[in-house]
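Working notes, beginning with the structure itself.
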Amino acid sequence: MNNPRWWDVAILGSSLVLAGIVTFFADGTDRVVGYAILTVFAISWLAIGRPAYRREQYHAMSIFIVVTVLVTGALVAINPVLAFAQSIAYPIVWALAPSTRRAIIANIGIALSVGAGFVVNLGTAPAALLSTFVTVVLSLTFSLALGLWITRIARFGAEKALLVDQLTAAQRELEVLHRDRGVTEERERFARELHDTIAQSLTGIVLLTQQARREFRTGRLDDAALEMLETAARDTLTETRSLVAGTAPVDLGGGITTALARLAARFERETGMTVTLEAAEGIVLDRDVEVVVLRCAQEGLANVRKHSAASHARIELSIDDGAARVRVIDDGVGFDPTVRRGAGFGLDGLTARVELVGGTVSVDGTPGATTLTARVPLGAGS
């Protein structure tokens, strides 16, 4: 009953009901006094109680509660039958009191007021006093028990509603965090893609450009070198478009073996280094696994180009114990695997990528046989 109009109906309707009881059981002066008391009750609600309820003015509401207490006792003083008024007064003051403590005090006030009304009407004879005491105590006990029970239920409901609101707010925060995490992961994925594809291709273009500059200075620049540079630039453009489109940056048409063969041929064109491919026949992988395997081969060859000073490299692909195993081996100078490889998205980024799908990456830096080995579970794409 948060709407004041419901309280208007309840209080003014109760006044009319009590007025009917007064009409039926009282006569003469008592009837007139009863009407006057009920009129004071109704006016006090409209003038004091209703504004206090709407504005949450608890001190003004206390005045209306006091009026209710006095009106109840006055009605009982007119006629004991009007003790029915306490069945209306008790829940009204309990609901309108600003706290449980004040509601209990108001209920005790009604009990005392009703008791005083009985004494005025019935007198102080022992039988009358006993009847008054029993009636007042039973009514007060029932009112307190019912009021406390309802209050507990209301409080439980409010706590439950608060808990639901808190859970809803927490769920929204989790959704925001999940979206933020998704954005972060997508940025990291894009950074790895950028390093594994565009950065490697641009490195190749830089090397080809340096070679073309040297040939130009010596007068040995021919169309074949320029064609190689143009092809590398076009391939990089294709990779960039594919990356933006969210597809695999290297064409996997024909399967992983064909894609590795194209990668090896391109690497040979860009570096002049011999690259051989050893792959078992009939290897068919899920597309997601193919992408990871191809990334491993790309990163392996990128490190061969940057660090190994090798003349030959070999790519091996096989299926072993439920995983695709790709190895990149070169005959270069090797390195110490215990030395940190440095920040960035090179082997560290590759390791993170493979570990995300449950795979492993290992490096053997033995001079003359440096080997990068990656194992990618066959179910990584499922």
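The values are calculated or read from the model by the stated rules, or taken from the named source; none is laboratory data. Remember, predicted model here, so these are calculated numbers, not experimental data. Backbone-built Cβ (ideal geometry, glycine too); neighbour counts: all protein chains shown.
List the pairs whose first member sits in segment 371-382 and is farther than 12 Å from VAL326 by Cα, whose second member is modelled with pLDDT of 90 or more and among the hydrophobic types (A, V, I, L, M, F, W, C), and whose Cβ atoms are under 6 Å apart, counting only residues at least 6 apart or on separate chains?
Qualifying pairs under 6 Å: none.
I need every pair where a residue in segment 41-61 that is over 20 Å from TRP94 (Cβ atoms) has its Cβ under 9 Å from the Cβ of a residue that is β-branched (Val, Ile, Thr) and crowded, with 20+ Cβ neighbours inside 10 Å, sequence separation at least 6 or different chains.
LEU46/ILE11
Does VAL354 satisfy the condition of being modelled with pLDDT of 80 or more, over 22 Å from ALA199 (Cα atoms) and of a type outside the set (Ser, Thr, Tyr)?
no
Does segment 300-310 contain at least one residue that is part of a helix (DSSP H, G or I) and under 16 Å from THR360 (Cα atoms)?
yes
What residue, of THR124, THR132, THR100, is at pLDDT below 85, farther than 22 Å from LEU46 by Cβ and out of contact with any helix residue (DSSP H, G or I) (no Cβ under 8 Å at 6 or more places or on another chain)?
Working: THR132 fails: out of contact with any helix residue (DSSP H, G or I) (no Cβ under 8 Å at 6 or more places or on another chain); THR100 fails: out of contact with any helix residue (DSSP H, G or I) (no Cβ under 8 Å at 6 or more places or on another chain).
Criteria check complete, one pass: THR124.
Given the residues VAL93, VAL40, which is the only one that is surrounded by 20 or more Cβ atoms within 10 Å (Cβ to Cβ) and of a type outside the set (S, T, N, Q)?
Answer to the selection: VAL93.
Mind listing just one residue for me: the one in segment 117-127 that is out of contact with any Ser or Thr (no Cβ under 9 Å at 6 or more places or on another chain) and closer than 18 Å to PHE84 by Cα and, of those, surrounded by the most Cβ atoms within 10 Å (Cβ to Cβ)?
ASN121
Looking at VAL71, VAL134, VAL67, which one is free of Cβ contacts under 8 Å to residues at least 40 places away in the same chain and over 26 Å from THR29 (Cα atoms)?
Details: VAL71 fails: over 26 Å from THR29 (Cα atoms); VAL67 fails: over 26 Å from THR29 (Cα atoms).
Residue meeting the stated conditions: VAL134.
Search segment 264-282 for residues that are outside the structural domain of ALA324 (by TED's automatic domain parsing) and within 17 Å of VAL293 (Cβ to Cβ) and pair each with any residue that is loosely packed, with under 12 Cβ neighbours inside 10 Å and modelled with pLDDT of 90 or more when their beta-carbon atoms are under 6 Å apart and the residues are at least 6 apart or on different chains.
Listed pairs, sorted by first residue: none to list.
Any residue at all in segment 52-65 that is buried (at least 16 other Cβ atoms within 10 Å of the Cβ), over 17 Å from LEU12 (Cα atoms), hydrophobic (A, V, I, L, M, F, W, C) and more than 46 Å from the chain's Cα centre (by Cα)?
no
Give the number of residues within segment 358-373 that are in a loop (DSSP other than H, G, I, E, B), at pLDDT 85 or above and surrounded by 13 or more Cβ atoms within 10 Å (Cβ to Cβ).
Counting residues in segment 358-373 that are in a loop (DSSP other than H, G, I, E, B), at pLDDT 85 or above and surrounded by 13 or more Cβ atoms within 10 Å (Cβ to Cβ) gives 1.
Out of segment 317-334, which residues are surrounded by fewer than 18 Cβ atoms within 10 Å (Cβ to Cβ) and farther than 14 Å from GLU278 by Cα?
Passing the criteria: ASP320, ASP321, GLY322, VAL333.
Please enumerate the residues belonging to segment 185-207 that are of a type in the set (S, T, N, Q) and at pLDDT below 70.
Correct list: THR197 only.
Looking only at segment 277-330, which residues are at pLDDT 85 or above, touching a helix residue (DSSP H, G or I) at 6+ places or on another chain (Cβ under 8 Å) and among the acidic types (Asp, Glu)?
Of everything in segment 277-330, those that are at pLDDT 85 or above, touching a helix residue (DSSP H, G or I) at 6+ places or on another chain (Cβ under 8 Å) and among the acidic types (Asp, Glu) turn out to be GLU290, ASP330.
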